[in-house]
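Working notes, structure below.
The values are calculated or read from the model by the stated rules, or taken from the named source; none is laboratory data. Note that the structure is predicted; figures quoted are calculated from it, not measured. Note: ideal-geometry Cβ built from the backbone for every residue, glycine included; neighbour counts use all protein chains shown.
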Amino acid sequence: MSQEKISSPHWTAHTSDHEINEQNNEICISAKALNIIWGNDNRYWQWTSLPHNEINFSVGAELLQVNWIEVTGKLDFSRFKSTGEHEIVYLLKFKVDAFGWHSSPIKFKVMTSDGKETVHAEILEHYRKVSDNWHEIRGGKFMVPSGHHGAVHFGMYETESEWWKGSMILGGVKIRPTKAP
C-alpha cells in the first residue's frame with residue numbers, strides 16, 4: 001500500500017523572497033505569499049498570469065466562485081525599513097462578468113502582535129462596476145514599533161453570508177507608510 005500525500009483544498013502561503021519584493025518604500029506581497037481558503041481547489045480559485053505592464057506581480061489568484069472568502073497574511077516587523085504608521089492595500093481587479101459583490105460586505109482586518117486590531121467592512125460593488133481596472137482597496141492601518149519586534153497579521157473575509165461571489169483577481173497586497181519618509 002503506497003502512502004500518497006493528501007493535498008489540502010486550501011492554499012498555504014509561499015513566503016520565499018521572490019514573492020515579497022520591496023519597491024519605492026512599499027512591501028509588495030504577491031497572492032502566492034498569502035493564505036487562501038479554498039485556494040488550492042481549482043473549482044473555486046485558479047492561478048492566472050498577469051501582464052507585467054499592469055502590476056508588479058506575475059501571477060494572481062483568480063476567484064471563480066465561493067461563498068466563503070478568507071485571504072490572510074503575516075509579515076514580521078523586521079522586514080520594514082521604517083517605523084510609524086503603515087497601511088495595507090489590496091490590489092483587486094473585477095472581470096466584466098463579476099458577480100455577488102453588491103450585498104455582502106467584505107471585512108478587512110489588521111492585527112499587530114501587541115493585540116491592537118482594526119476592522120472595517122466595505123461593499124465592493126462600486127469597484128466591480130469599473131471592471132478590468134486594478135483597484136487599490138484599503139485594508140487598514142497599523143503602527144510599526146521602533147524596535148521592529150513582532151508582526152502584523154491581516155486579512156480580507158466574507159464568511160457570514162451564503163452569497164456566492166466570483167470573477168475577481170487578487171494581484172497581491174502592498175504595505176506602505178502613510179506618510180512619505
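Observations
- Residue within segment 13-33 that is under 14 Å from the mean Cα position of the chain (by Cα), modelled with pLDDT of 95 or more and within 20 Å of PRO145 (Cβ to Cβ) present: no
- When residues of segment 168-181 are limited to those that are over 30 Å from ARG43 (Cβ atoms) and aliphatic (A, V, I, L, M), the one modelled with the highest pLDDT: ILE175
- Condition check for TRP68: touching a Phe, Trp or Tyr at 6+ places or on another chain (Cβ under 9 Å), at pLDDT 90 or above, surrounded by 13 or more Cβ atoms within 10 Å (Cβ to Cβ) and under 26 Å from LYS141 (Cα atoms): yes
- Reported count of residues in segment 20-64, each being of a type in the set (Ser, Thr, Tyr), closer than 19 Å to GLY155 by Cα and not in a loop (DSSP other than H, G, I, E, B), is 1.
- Of all residues in segment 43-57 being touching a residue at least 12 places away in the same chain (Cβ under 8 Å) and more than 16 Å from GLU136 (Cβ to Cβ), the one that is surrounded by the most Cβ atoms within 10 Å (Cβ to Cβ): TRP45
- Residue identified as of a type in the set (A, V, I, L, M, F, W, C), part of a strand (DSSP E or B) and farther than 22 Å from VAL66 by Cα among MET143, MET168: MET143
- Verdict on VAL96 being within 14 Å of ILE29 (Cβ to Cβ) and part of a strand (DSSP E or B): no
- Looking only at segment 122-140, residues that are assigned to a strand (DSSP E or B) and among the aliphatic types (A, V, I, L, M) come to 1 in all.
So that you can scan it fast, the table gives a plain yes or no per residue for (1) at pLDDT below 95; (2) closer than 21 Å to SER49 by Cα:
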{"position": "PHE80", "(1), (2)": "yes, no"}
{"position": "LYS93", "(1), (2)": "no, yes"}
{"position": "GLY115", "(1), (2)": "yes, no"}
{"position": "ARG138", "(1), (2)": "no, no"}
{"position": "ALA151", "(1), (2)": "no, no"}
{"position": "GLY166", "(1), (2)": "no, yes"}
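- Considering segment 99-125, and only residues there that are of a type in the set (S, T, N, Q) and buried (at least 18 other Cβ atoms within 10 Å of the Cβ), the residue that is nearest to THR72 (Cα to Cα) turns out to be THR112.
- Of all residues in segment 148-165 being outside any strand (DSSP E or B) and in contact (Cβ under 8 Å) with a residue 60 or more places away in the chain, the one that is nearest to the chain's Cα centre (by Cα): THR159
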